[in-house]
Structures are given as C-alpha cells and as structure tokens.
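Visitor: Right, I'll just put the structure down here and ask away after.
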Amino acid sequence: EDEPPKVERKELPPYLEYAFLGNNREWPVIIAKDLISKEKTNLLNVLKTRKKAIAWKLTNIKGIDPEFCLHKILLEEEHSPKVQSQR
C-alpha cells in the first residue's frame, strides 16, 4: 500500500468534517457532517475500496496539466457554496 499523503488539516466549515480511510488518522477525506452513522460507514467503505482511484495530489491526476488547476477552494467564514450556470 502507498504511503499516506502528508496534509495540513485545516479548520473546516461547520457542515463538513474529516474522516479517515486508514488507521492512525491516515488518508483523510472531507465528508458532510450531517450524514447518519450508517451513511458515513457506507461512504467510507466505498471510498476505501476505491482508494487507488482518488487523486490525493494534483500531480496524481492523469491527463490534467497541474498549471491548469491552480485555483483554491476557499474555506472562509463568509464563503457559501453556490451553483452558477455556465455562460
């Protein structure tokens, strides 16, 4: 099995939480906080079986130039998720 990525865990908005696919708080993923226990278990089981398909780093994404994806996901207090139609 691959070495888990070293990531800096940041404070998340109140509707998100960290979950871990490995032991000792390794292989972190961000999930919705309002999932019930069975939903969390099912989600984590699926993610564990598909762990190799997850691009843990931008450089792991095949076929996408890292310079093309230089945006950031802003997790600021005043940030709220929005769906915008394409122009």
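Visitor: Among all residue pairs at least 6 apart or on different chains, which show Cβ distances below 7 Å where the first residue, located in the stretch 26-47, is within 27 Å of Asp2 (Cα to Cα) and the second is part of a strand (DSSP E or B) and small (Gly, Ala, Ser)?
Guide: Val29/Ala19; Ile31/Ala19; Lys40/Ala19; Leu44/Ala19
Rundown of residues vs (1) modelled with pLDDT under 90; (2) of a type in the set (D, E, K, R); (3) not in a loop (DSSP other than H, G, I, E, B), yes/no style:
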residue	(1), (2), (3)
Glu3	yes, yes, no
Lys10	yes, yes, no
Gly22	yes, no, no
Ile31	no, no, yes
Asn42	no, no, yes
Asn45	no, no, yes
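Visitor: List pairs: first in the stretch 6-25 and over 19 Å from Lys51 (Cβ atoms) and loosely packed, with under 10 Cβ neighbours inside 10 Å, second modelled with pLDDT of 85 or more and among the aliphatic types (A, V, I, L, M), Cβ under 9 Å, 6+ apart or cross-chain?
Guide: Pairs that qualify, where the first residue is over 19 Å from Lys51 (Cβ atoms) and loosely packed, with under 10 Cβ neighbours inside 10 Å and the partner is modelled with pLDDT of 85 or more and among the aliphatic types (A, V, I, L, M), are Tyr15/Ala32.
The values are calculated or read from the model by the stated rules, or taken from the named source; none is laboratory data. All figures in this text were calculated on a predicted structure; none of them were measured in a lab. Reconstructed Cβ throughout: ideal geometry from the backbone, glycine too, with neighbour counts over all protein chains shown.
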